[in-house]
Amino acid sequence: MTAPAIDPYLIEETIEIDAPVPAVWDVVSDLRRMGEWSPQCRRMWVRGPIGVGTRTINLNRQGWKVWPTTARVVRYEPQTAIAFRITENRTVWTFELTDLGDGRTRLVERRTAPHGTSSVSRALVAAVLGGDAAFRDELAQGIASTLARVRTEAEGARR
């Protein structure tokens with residue numbers, strides 16, 4: 001029996017939020033506001049109503065480096081999960097919500113690349129974005145920052 005493949009691109013962080021699932025969902029499912037939460041994805045332009053198949057144009061930034069990407073929503077389960085795949089590098093970004101009861105929510109943000117990243121993406125990460133380890137660390141810190149910002153917004157909306 002073959003062991004399941006491990007995604008070497010997996011980055012995942014979890015946070016507990018003192019707000020009910022609908023309040024957290026309202027924040028993470030509004031992709032138009034992604035630039036308010038993410039330190040790297042500074043802006044998302046959403047083409048049409050948000051659901052499976054919705055396309056976005058994204059503006060990313062690392063210091064002085066700015067680059068566009070595009071994405072498509074690949075999972076949309078209201079109050080449960082939303083995920084989008086970045087066209088250029090094949091990574092999938094997911095937000096999953098779990099009701100903890102008592103008006104609390106567990107939110108997981110995950111970046112995966114189940115089929116690996118593109119050769120162009122790997123070359124750019126190595127040559128321009130600091131290399132795999134540094135870029136991965138920066139993304140992990142960015143995910144933690146994103147989750148903290150989402151928590152602040154969702155908890156504030158509850159008051």
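The values are calculated or read from the model by the stated rules, or taken from the named source; none is laboratory data. Here the structure is a predicted model, which is why all the values come from computation and not from measurement. For neighbour counting, all protein chains shown are included, and Cβ atoms are generated from backbone atoms with ideal geometry for every residue, glycine included.
So which strands (runs of 3 or more DSSP E) are wholly in the range 25-85 and hold at least 2 residues that are in contact with an Asp or Glu (Cβ under 9 Å, 6 or more places away or on another chain)?
The strands (runs of 3 or more DSSP E) meeting that bar are 65-77.
Which one of 150, 128 is among the β-branched types (Val, Ile, Thr), touching a strand residue (DSSP E or B) at 6+ places or on another chain (Cβ under 8 Å) and closer than 18 Å to residue 38 by Cα?
It is 150.
Can you name the number of the only condition in (1) at negative phi; (2) in contact with a Lys or Arg (Cβ under 8 Å, 6 or more places away or on another chain); (3) at pLDDT 95 or above that residue 109 fails?
It fails just one condition, (2).
Does at least one position in the range 136-143 carry a residue that is under 16 Å from the mean Cα position of the chain (by Cα) and closer than 20 Å to residue 19 by Cβ?
yes
Does the range 90-102 hold any residues that are over 24 Å from residue 155 (Cα atoms), without any contact (Cβ under 8 Å) to a residue 40 or more places away in the chain and crowded, with 19+ Cβ neighbours inside 10 Å, and which are they?
92
Could you check residue 75 against (1) among the basic types (Lys, Arg); (2) in contact with a strand residue (DSSP E or B) (Cβ under 7 Å, 6 or more places away or on another chain); (3) touching a residue at least 24 places away in the same chain (Cβ under 8 Å); (4) surrounded by fewer than 19 Cβ atoms within 10 Å (Cβ to Cβ) and say which number it fails?
Result: residue 75 fails condition (3) only.
Go through the range 78-89 and report how many residues are farther than 19 Å from residue 48 by Cα and either exposed (fewer than 14 other Cβ atoms within 10 Å of the Cβ) or among the charged types (D, E, K, R) (or both).
1
Please determine whether any residue of the range 122-138 is within 25 Å of residue 8 (Cα to Cα), among the small types (Gly, Ala, Ser) and in contact with a Ser or Thr (Cβ under 8 Å, 6 or more places away or on another chain).
no
Suppose we keep only residues that are of a type in the set (A, V, I, L, M) and part of a strand (DSSP E or B) within the range 96-123. Which one would you say is farthest from residue 75 (Cα to Cα)?
For the range 96-123, the residue satisfying everything is 100.
Do the conditions hold for residue 126, that is, is it in a helix (DSSP H, G or I) and of a type in the set (A, V, I, L, M)?
Criteria met by residue 126.
Please specify each residue of the range 103-139 satisfying the condition of being surrounded by 14 or more Cβ atoms within 10 Å (Cβ to Cβ), under 20 Å from residue 85 (Cβ atoms) and touching an Asp or Glu at 6+ places or on another chain (Cβ under 7 Å).
Those that are surrounded by 14 or more Cβ atoms within 10 Å (Cβ to Cβ), under 20 Å from residue 85 (Cβ atoms) and touching an Asp or Glu at 6+ places or on another chain (Cβ under 7 Å): 108, 109, 110, 112, 113, 118, 121, 125.
Just one of (1) modelled with pLDDT of 95 or more; (2) more than 21 Å from residue 68 (Cα to Cα) trips up residue 146, so point out which.
(2)
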